[in-house]
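The values are calculated or read from the model by the stated rules, or taken from the named source; none is laboratory data. All values reported here derive from a predicted model rather than from experimental measurement. Methodologically, a virtual Cβ is constructed for each residue, glycine included, from the backbone with ideal geometry; neighbour enumeration extends over all protein chains shown. Note: accessible area is taken over every heavy atom of the protein model, side chains too, but ligands, DNA and RNA are not part of it. Shrake-Rupley method; radii C 1.70, N 1.55, O 1.52, S 1.80 Å.
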Amino acid sequence: MGEDKVVLTSREGRVAILTLNRPKALNALNSEVMREIVRLTAELDRDPGVGAILITGSEKAFAAGADIKEMEDRTVMEMMLADWFSDWEMLERVRTPMVAAVSGFALGGGCELAMMCDLIIASDTAKFGQPEIKLGVIPGMGGSQRLTRAVGKYKAMDMILTGRMVEAEEAERMGLVSRLVPAASLMDEAMAAARTIAEFSKPATITAKEATNRSFEVGLREGLLHERRTFHALFSGSDQKEGMSAFREKRAAVFKHG
Ligand code: CAA
């Protein structure tokens, strides 16, 4: 049951797992996948029992890009009126930390989806790329912006203008990957990271994500002020008292996410 779904869902404690499931198309991201990912992440984000969302694909492909066959015959007016890809921006609104577990191809929209997550844990078999230039187009789900912010102008230009694939090790060296792990332990490592995040105070993790992302949007002074004020605000919750008293009492903190 559920094998016909383009995104499979499961739950392990406070971690929700979304698995892209279009094996015959190397998990190409068509409109249905976009709708499902947007719908599911929004729903999970509202669930206080979910502390982290893990997004993954298959061993062969995280996702080989947006679905080329779905786009091929579109006209500019169809693309513009549908505002093609704009719904992916909804992922920016997800406050719950998201972890991408990447094995195999993460190309075009696949690389861009991984970059919409907060951590990228990559298997040593992962291959990243923005090959849109080979199709006569350019990245359309944020690659020119998020890749450049992640790795800097010259690495981003190399990937976007030549369309070349980058192996996992090089991706890690350039800062596109949070952790590089052996293929056999990818899911264990990614789940462990997601579980760690999910057990921390949810008000603290969503505030930490928001403050970190703000560094891409505002100047240093504004960013520092935002960080300090939200740091102060966390003193209104029980988790700050629990975390600090647990430290003093030399025991593990048990957060109630409040
Ligand atoms: N869209 C639609 N179908 C795709 C696809 C995609 N992005 N990527 C792979 N597939 C399909 C193939 O057409 C093929 O289907 P058929 O068996 O029906 O022919 C199937 O998946 C398996 O693929 P291959 O036979 O090509 O597998 P391979 O191992 O020989 O090659 C690959 C793997 C190098 C990833 C190759 O499939 C490839 O180059 N894919 C396209 C990558 C790409 O250009 N991605 C960018 C898309 S545009 C985009 O993402 C825009 C954006 O910014 C959002």
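Take the solvent-accessible surface of the protein heavy atoms, probe 1.4 Å, and return the percent of it on the chain that carbon and sulfur atoms account for.
Carbon and sulfur: 56 percent of the exposed surface of the chain.
Where does the chain land at 222 nm, in deg cm²/dmol rounded to the nearest 500, when only DSSP H runs of n ≥ 4 count, each adding -39500 (n - 2.57), divided by all residues?
-11500 deg cm²/dmol
Between Val102 and residues 5 or more places away or on another chain, which pairs have amide H atoms under 5 Å apart, with H built 1.01 Å from N, and which residues are they?
Ile121, Ala122, Ser123
Hey, can you grab everything whose amide H is under 5 Å from the amide H of Ala52? Only 5+ residues off in sequence or another chain; H modelled, so Pro and N-termini drop out.
Residues meeting the amide H criterion: Ala16.
With a probe of 1.4 Å, find how much accessible area segment 7-198 has per residue, and write the answer as a whole number in Å².
48
Using Cα pairs under 8 angstrom and six or more residues apart, how large is the relative contact order of segment 150-224, in percent?
Reported relative contact order: 17 percent.
Report the GluC sites (Glu not before Pro) located in segment 133-239 that are in a DSSP loop and have at most 15 other Cβ atoms inside 10 Å of their Cβ, or state none.
Of the GluC sites (Glu not before Pro), the ones in loops of segment 133-239 whose Cβ has at most 15 other Cβ atoms within 10 Å are Glu217.
Report the trypsin sites (Lys or Arg not before Pro) located in segment 46-142 that are in a DSSP loop and have at most 16 other Cβ atoms inside 10 Å of their Cβ, or state none.
Loop-located and lightly packed - Arg46, Lys60, Arg74, Arg95.
Got the relative contact order for segment 7-198 handy, in percent, Cα pairs under 8 Å and 6 or more residues apart?
On the way: 385 pairs, mean separation 40.9, N = 192.
Reported as a whole number, the value is 21 percent.
Over what distance in Å are the Cα centres of segment 177-245 and segment 108-173 separated?
24
So what does the Cα-only Debye profile of the chain read at q = 0.08, 0.15 Å⁻¹, as log10 I(q)/I(0), no solvent term?
Cα-only, vacuum Debye calculation for the chain: -0.33, -1.12.
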